[in-house]
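Asks: Okay, handing you the structure first.
The values are calculated or read from the model by the stated rules, or taken from the named source; none is laboratory data. As the structure is a prediction and not an experimental result, all values here were calculated from the model. Note: ideal-geometry Cβ built from the backbone for every residue, glycine included; neighbour counts use all protein chains shown. In case anyone asks, the SASA skips ligands and DNA or RNA and just uses the protein heavy atoms, side chains included. Shrake-Rupley method; radii C 1.70, N 1.55, O 1.52, S 1.80 Å.
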Amino acid sequence: ERDVGQASVAVAGSVVFVGDGRSGVSVFDATQANAPVYASSSATDDSAGIVIPSSDPNYFYACLDNRGVGVFDVSNPLMPVLVDEHPELNADVGGCKDIQAVGTRLYYSGGTGLAVLDATDPKALVVKSSLKLPAEDLIGSLAFSSAIPNRLFTTTFLVDWEGTNNRTMRLLSF
């Protein structure tokens with residue numbers, strides 16, 4: 001049986017960051033785009049969504065599931081270093097499932113809610129607001145569009161603990 005976690009990919013210049021839910025963050029040098037070369041990795045547990053904030057190219061953030069948001073120093077992009085973790089949102093909105101950056105704001109999708117963080121200082125994230133969803137809702141991924149300003153879209157799945165209908169999905173807009 002295969003056990004594969006959620007994976008994501010982010011690109012900064014000619015460096016490709018790959019987050020894998022089971023093995024951490026891997027870095028590839030894509031100077032030769034048709035033949036990327038493995039450069040390094042940073043082992044983490046449950047690394048999922050990766051974001052490289054536009055406001056500070058020396059850091060990127062990764063979802064670390066129940067450990068919240070991880071802050072990576074990528075001043076040497078081929079050797080990322082986990083420098084901080086922010087698990088405090090776990091109690092309010094659940095483990096990190098997805099994270100998106102817009103300017104100096106981070107939008108955090110937890111298993112049971114959403115949060116907005118100020119990332120002006122990458123090592124001192126500040127929770128600006130959070131929203132816990134009803135207990136039977138589980139959050140999916142996040143999306144923004146420059147064509148629809150000031151809007152966040154996310155999916156939720158209604159969990160039927162009795163097992164009769166686990167496919168009910170809703171699209172939410174904030």
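Asks: What is the residue count in the stretch 86-135 for residues that are open to solvent by less than 10 Å² (accessible area, probe 1.4 Å), within 23 Å of ASN58 (Cβ to Cβ) and under 12 Å from the mean Cα position of the chain (by Cα)?
Replies: Count: 4.
Asks: Answer yes or no: is there a residue in the stretch 52-59 that is at pLDDT below 85, part of a strand (DSSP E or B) and closer than 29 Å to SER129 by Cα.
Replies: No - not one qualifying residue is present in the stretch 52-59.
So that you can scan it fast, the table gives a plain yes or no per residue for (1) part of a strand (DSSP E or B); (2) among the small types (Gly, Ala, Ser):
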residue: GLY70; (1), (2): yes, yes
residue: LEU78; (1), (2): no, no
residue: VAL83; (1), (2): yes, no
residue: GLN100; (1), (2): yes, no
residue: VAL116; (1), (2): yes, no
residue: VAL127; (1), (2): yes, no
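Asks: Let me ask another. Would you check if SER14 is at pLDDT 85 or above, farther than 21 Å from LYS132 by Cα and not charged (D, E, K, R)?
Replies: Values: at pLDDT 85 or above: yes; farther than 21 Å from LYS132 by Cα: yes; not charged (D, E, K, R): yes.
Yes.
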